[in-house]
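The values are calculated or read from the model by the stated rules, or taken from the named source; none is laboratory data. Being a predicted model, the structure only gives us computed values, none of them experimental. Glycine gets a Cβ as well: all are built from the backbone with ideal geometry, and neighbour counts include every protein chain shown.
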Amino acid sequence: MTKPRRSRSAFWWAGVVGVCVVVAALIATLCLSQLRSPEPETVDTSVPGLREVPAPESTADPGAPSTGYHIGDVAPPFSLPALDGGSVSLADYRGRVVLLDFWASWCVPCRLSMPSIDAMARDLGSEVVLLGVSLDRSEADARSYVDSKHYTELVALYGSLGQTRSVAGDYGVLGIPRTFVIDRDGIVRFAGHPGLLTRELIESLL
């Protein structure tokens, strides 16, 4: 009578071991998938209320660059109020390299990337300007964040959410952070996540 009991016990333990092996394999698979996924700071955060806007058609000479947000296009013009007062236009910085960054204080990847962009602009000197277009829900949110961080190079722009969303639409921005490098002649030379922006690229435009 003891042999059948031992057989059933051995079968039961074999089943337990098998289940443990399957569970361990599933956990390992999940861990590997997490390791292969993009880092959180490199993932754009979608902006509520923004819709894809086609690049504007150019009415200029067919041989001239078109106005748009792709590399090689003439950057769309805009004017926005600055948080520290006055109005800022992209045209004000013709002759300088512009780092145009779309961000918001609620955007974790933006908060992670902003210090390095500000430091890069500071290190490269007066020939580079950093314009930060905030997509915060209110001016108070944008101002509170900027005041708390003391960024030395950031020219923070807001006005109203409607105004900044309009500019973001002109630049085809659906998620943030999104950064553009505009050269001395107003041509887009970089468009993408600020984590992919290199100092060497900017220096090549100076």
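Worth pointing out:
- Residue within the stretch 142-157 that is surrounded by fewer than 14 Cβ atoms within 10 Å (Cβ to Cβ), touching a strand residue (DSSP E or B) at 6+ places or on another chain (Cβ under 9 Å) and not aliphatic (A, V, I, L, M) present: no
- For the stretch 124-137, a residue qualifies if it is at pLDDT below 95 and within 20 Å of residue 86 (Cβ to Cβ), and exactly one does: 126.
- Residues satisfying the stated conditions in the stretch 188-202, i.e. out of contact with any helix residue (DSSP H, G or I) (no Cβ under 7 Å at 6 or more places or on another chain) and assigned to a helix (DSSP H, G or I): 196, 200, 201
- Single unsatisfied condition, residue 137 versus (1) surrounded by 13 or more Cβ atoms within 10 Å (Cβ to Cβ); (2) not in a loop (DSSP other than H, G, I, E, B): (2)
- Filtered by the rule that a residue be in contact with a helix residue (DSSP H, G or I) (Cβ under 8 Å, 6 or more places away or on another chain), surrounded by 15 or more Cβ atoms within 10 Å (Cβ to Cβ) and over 13 Å from residue 103 (Cβ atoms), the stretch 160-183 gives 181, 182, 183.
- Search result, residues across the stretch 93-115 that are surrounded by fewer than 18 Cβ atoms within 10 Å (Cβ to Cβ) and either acidic (Asp, Glu) or under 26 Å from residue 161 (Cβ atoms) (or both): 106, 108, 111, 112, 115
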